[in-house]
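First up is the structure itself, then whatever we jot down about it.
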Amino acid sequence: MKTLTTHYIDGAFVESHGREVMDVIRPTNGEVIGRVTLGDKEDTRQAIAAAKRAFTTFGRMAKQEHARTLRGLHKAASARIDEMTAAMIEEYGGVAQFSRLIVQSGVNAFAAAEQALEKIPWTRSWDKTTVTMEPVGVAGLITAWNANALFMRLKLASAVAAGCTVVIKPSEMSSLQARVLVEALHEADLPKGVWNVVAGLGTVVGAELVRNPHVAKISFTGSVAVGEAIMRDGAATMKRVTLELGGKSPTVLLDDAALDKAIPSALIMAFLNSGQACAAGTRLLVPKRRLDEVKQSIREGMRAFTVGDPADPKDRCGTNDVAKTI
């Protein structure tokens with residue numbers, strides 16, 4: 001069992017000031033596989049202060065330096081793909097097929113951000129007007145539990161490319177995955193304070209990021225209710241806020257759809273990541289006259305979706321021993 005008592009602040013693993021401890025539970029069998037000491041306001045303020053200090057230098061660097069930083073992050077993250085995938089399967093219950101795809105996509109985010117730096121002009125002029133893009137400052141990055149490996153890398157890559165320094169609050173339910181990533185990226189040997197990670201509750205660590213006047217930007221992925229609170233509380237310090245609020249839209253089947261193609265695709269989207277995805281189309285809207293035909297096609301298509309151990313590459317949906325006993 002893993003026990004985590006530190007946060008990543010100012011380039012080092014620092015013992016938590018917060019004392020609340022949370023169990024990490026393997027969803028396949030309900031076993032406690034880790035314990036995490038959650039951060040508090042003091043931990044968050046220390047991380048913000050470190051990011052603010054680092055920004056005075058990092059924010060003034062040329063984009064060539066930011067590109068070099070992204071290359072270092074890409075190399076460091078690439079070295080731990082297998083370990084990151086295993087952590088996602090164990091802690092989160094993500095199926096092997098999806099987990100590896102998510103981890104690899106997150107690694108690719110650093111390379112994509114570097115490529116974007118080469119294409120985006122920082123200064124544009126027309127007539128007598130010149131506009132220069134500048135980093136906003138310290139960014140608070142709050143990620144969701146269901147694809148944490150992807151969210152952390154995407155947000156960090158974008159912030160670093162822009163020249164911002166960051167404090168990341170990963171979902172407290174993804175603390176083991178986050179630690180694997182932090183340990184990997186620590187090897188990139190970035191300047192101290194450029195990126196910081198504090199594990200903790202949204203009502204504590206997240207709230208401090210949103211309300212703290214030294215944080216200029218919030219990027220949040222999560223629920224509508226929390227997004228509303230972030231928008232409201234962030235307004236007090238005129239923060240720039242970006243919200244990606246999860247919601248499941250239906251898959252719409254049109255009258256002329258070829259069911260042999262449409263139904264397998266609809267099922268893939270419905271059971272994407274065992275249905276634990278904001279992009280999962282968990283409702284299927286069909287023409288009434290084709291309802292019986294669609295139901296039969298779904299019954300046939302479901303045979304391809306084996307349910308079992310998420311670590312088994314052959315299984316399409318994860319299950320757990322706890323559910324079997326209910």
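The values are calculated or read from the model by the stated rules, or taken from the named source; none is laboratory data. This structure is a prediction, so every number in the text was calculated from the model and none was measured. Don't worry about glycine lacking a Cβ; one is built from the backbone with ideal geometry, like all the others, and counts go over all protein chains shown.
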Q.
As an exercise: evaluate Leu267 against (1) assigned to a helix (DSSP H, G or I); (2) under 30 Å from Ser219 (Cβ atoms) and give the number of the one condition it does not meet.
A. (2)
(Q) Suppose the filter is among the acidic types (Asp, Glu) and in a helix (DSSP H, G or I); does Asp255 pass it? (A) no
**Q.** strands (runs of 3 or more DSSP E) wholly inside segment 5-117 that include at least 1 residues being within 22 Å of the chain's Cα centre (by Cα) and buried (at least 19 other Cβ atoms within 10 Å of the Cβ)
**A.** 6-9, 21-25, 32-37
Q.
I need a count of the residues in segment 230-247 that are surrounded by 15 or more Cβ atoms within 10 Å (Cβ to Cβ) and either among the basic types (Lys, Arg) or within 17 Å of Arg299 (Cα to Cα) (or both).
A. 1
Q. Just one of Gly234, Gly227 is part of a helix (DSSP H, G or I), of a type outside the set (Ser, Thr, Tyr), in the same structural domain as Val136 (by TED's automatic domain parsing) and touching a Leu at 6+ places or on another chain (Cβ under 7 Å); which is it?
A. Gly227
Q: Could you pull out the residue among Ala77, Ala51, Ala47 that is among the aliphatic types (A, V, I, L, M) and in contact with a helix residue (DSSP H, G or I) (Cβ under 8 Å, 6 or more places away or on another chain)?
A: Ala77
Q. For segment 165-186, what are the residues that are assigned to a helix (DSSP H, G or I) and of a type outside the set (A, V, I, L, M, F, W, C)?
A. Glu172, Ser174, Ser175, Gln177, Arg179, Glu183, His186
